[in-house]
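A.B. asks: Take a look at the following structure, please.
The values are calculated or read from the model by the stated rules, or taken from the named source; none is laboratory data. Since the structure is predicted, the reported quantities are computational estimates derived from the model, not experimental observations. Cβ coordinates were reconstructed from backbone atoms using ideal geometry, including for glycine residues, and neighbour counts include every protein chain displayed.
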Amino acid sequence: MAGKKLSKAKRGKRRWIGLEVPSTTTRDSLNEILPKGYRLYDLVDEKAIIRVKLQDYSSSREVLEKLGLKTNTASGKIKLVRERLGIQKPPRKRGS
C-alpha cells in the first residue's frame, strides 16, 4: 500500500503565498533560501508562488521579508493566487 493517498483532511491545511522576486531569481536560488517546509510551486518572470503550512503562515510574511521577498497575496487555494498574479496553470506532466 505504498501508493495509497491520504484523505484530504489528513494532509494538513496550507496557505499559498504569491511573491514578488528579483528578475535574476532562478528556481534553484529561490529553493536554496526558502526555509524548510516552504515549497516553491511556480516561478514566472518576477512572480513566484510558494506553499506553507497553515501553522507557519502567521510568521511567514516576516520570514520572507527578511529574505528580501515581497508578499503580494495569499489564499488557501492556489487557483486564486495564480489568478491574482496573472500566472497560467502550467501543463500537467504525464509519464509515458
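A.B. asks: Just to be sure, is R14 in contact with a strand residue (DSSP E or B) (Cβ under 9 Å, 6 or more places away or on another chain), touching a residue at least 60 places away in the same chain (Cβ under 8 Å) and of a type outside the set (F, W, Y)?
C.D. replies: When the stated conditions are applied, R14 passes them.
A.B. asks: Can you find a residue in segment 70-83 that is within 11 Å of the chain's Cα centre (by Cα), charged (D, E, K, R) and surrounded by fewer than 13 Cβ atoms within 10 Å (Cβ to Cβ)?
C.D. replies: yes
A.B. asks: Considering every residue within segment 10-17, establish whether at least one is farther than 19 Å from R84 by Cα, at pLDDT below 95 and out of contact with any helix residue (DSSP H, G or I) (no Cβ under 9 Å at 6 or more places or on another chain). It would help to see each step written out before you state the result.
C.D. replies: So in segment 10-17, the residues farther than 19 Å from R84 by Cα come out as 10-13.
With the extra rule that they be at pLDDT below 95, the set shrinks to 10-13.
Okay, now just the ones that are also out of contact with any helix residue (DSSP H, G or I) (no Cβ under 9 Å at 6 or more places or on another chain), so 10-11.
Yes, that holds for at least one residue.
A.B. asks: Of the conditions (1) loosely packed, with under 11 Cβ neighbours inside 10 Å; (2) not in a loop (DSSP other than H, G, I, E, B), R15 fails just one. Which one is it?
C.D. replies: Of the numbered conditions (1) loosely packed, with under 11 Cβ neighbours inside 10 Å; (2) not in a loop (DSSP other than H, G, I, E, B), the odd one out for R15 is (1).
A.B. asks: May I ask you to list the residues in segment 49-60 that are loosely packed, with under 15 Cβ neighbours inside 10 Å and of a type in the set (K, R)?
C.D. replies: Residue satisfying the conditions is K53 alone.
A.B. asks: Return the total of residues in segment 25-57 being modelled with pLDDT under 95, β-branched (V, I, T) and under 13 Å from the mean Cα position of the chain (by Cα).
C.D. replies: Summing the residues that are modelled with pLDDT under 95, β-branched (V, I, T) and under 13 Å from the mean Cα position of the chain (by Cα) in segment 25-57 gives 1.
A.B. asks: For segment 29-43, indicate whether the set of residues that are in contact with a Lys or Arg (Cβ under 9 Å, 6 or more places away or on another chain), over 25 Å from K10 (Cβ atoms) and surrounded by 15 or more Cβ atoms within 10 Å (Cβ to Cβ) is non-empty.
C.D. replies: Within segment 29-43, one or more residues are in contact with a Lys or Arg (Cβ under 9 Å, 6 or more places away or on another chain), over 25 Å from K10 (Cβ atoms) and surrounded by 15 or more Cβ atoms within 10 Å (Cβ to Cβ).
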